[in-house]
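K.L.:
Handing you a structure now.
The values are calculated or read from the model by the stated rules, or taken from the named source; none is laboratory data. Computed from a predicted model, the values in this text were never measured in an experiment. With ideal geometry, Cβ positions are generated from the backbone for all residues, glycine too; neighbour counts draw on all protein chains shown.
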Amino acid sequence: MNFPLSEKKLEKDVLKKDKREAKHIGPIGIGEKALYLNSFYIDRMYYIPIEAIERVYKRVAMSKGGFSGKGIFASLSYLVVEYDREGKGLSHSKGMEGG
């Protein structure tokens with residue numbers, strides 16, 4: 001079962017075929033028709049049609065541990081997807097480590 005995050009939706013048969021053929025990168029999937037994102041526990045549960053996506057980029061944040069001197073200093077990477085919901089975006093972090 002897939003749930004659209006966008007106001008635009010795909011038909012079930014198109015969605016099923018596209019998700020099956022999508023390239024899997026960690027918990028997300030990139031298809032010809034949509035970008036598939038995960039919930040907290042289930043990979044590729046939500047989707048945003050490609051035509052609704054305005055911008056996709058990676059953002060890196062730093063953990064507090066390194067600045068306080070009490071903990072581990074680490075970087076956290078996020079995938080940010082901006083889509084058709086009036087300038088609102090979605091940040092997504094699970095499994096997006098690396099360059």
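K.L.:
Which members of segment 4-45 meet the condition of being free of Cβ contacts under 8 Å to residues at least 40 places away in the same chain, over 15 Å from Leu79 (Cα atoms) and in contact with a strand residue (DSSP E or B) (Cβ under 8 Å, 6 or more places away or on another chain)?
P.N.:
Leu10, Leu15, Asp18, Lys19, Ala22, Lys23, Gly31, Lys33, Ala34
Results for (1) of a type in the set (Asp, Glu); (2) under 17 Å from Val81 (Cβ atoms); (3) in a loop (DSSP other than H, G, I, E, B), shown as yes or no for each residue.
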site	(1), (2), (3)
Asp13	yes, no, no
Lys16	no, no, no
His24	no, yes, no
Leu35	no, yes, no
Phe40	no, yes, yes
Arg44	no, yes, yes
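K.L.:
If I ask for residues that are modelled with pLDDT of 80 or more, within 18 Å of Lys19 (Cβ to Cβ), assigned to a strand (DSSP E or B) and of a type outside the set (A, V, I, L, M, F, W, C), which ones from segment 46-98 would you list?
P.N.:
Tyr46, Tyr47, Pro49, Tyr83
K.L.:
Tally up the residues in segment 32-50 that are under 11 Å from Asn2 (Cα atoms) and surrounded by 15 or more Cβ atoms within 10 Å (Cβ to Cβ), please.
P.N.:
Of the residues in that region, 9 qualify.
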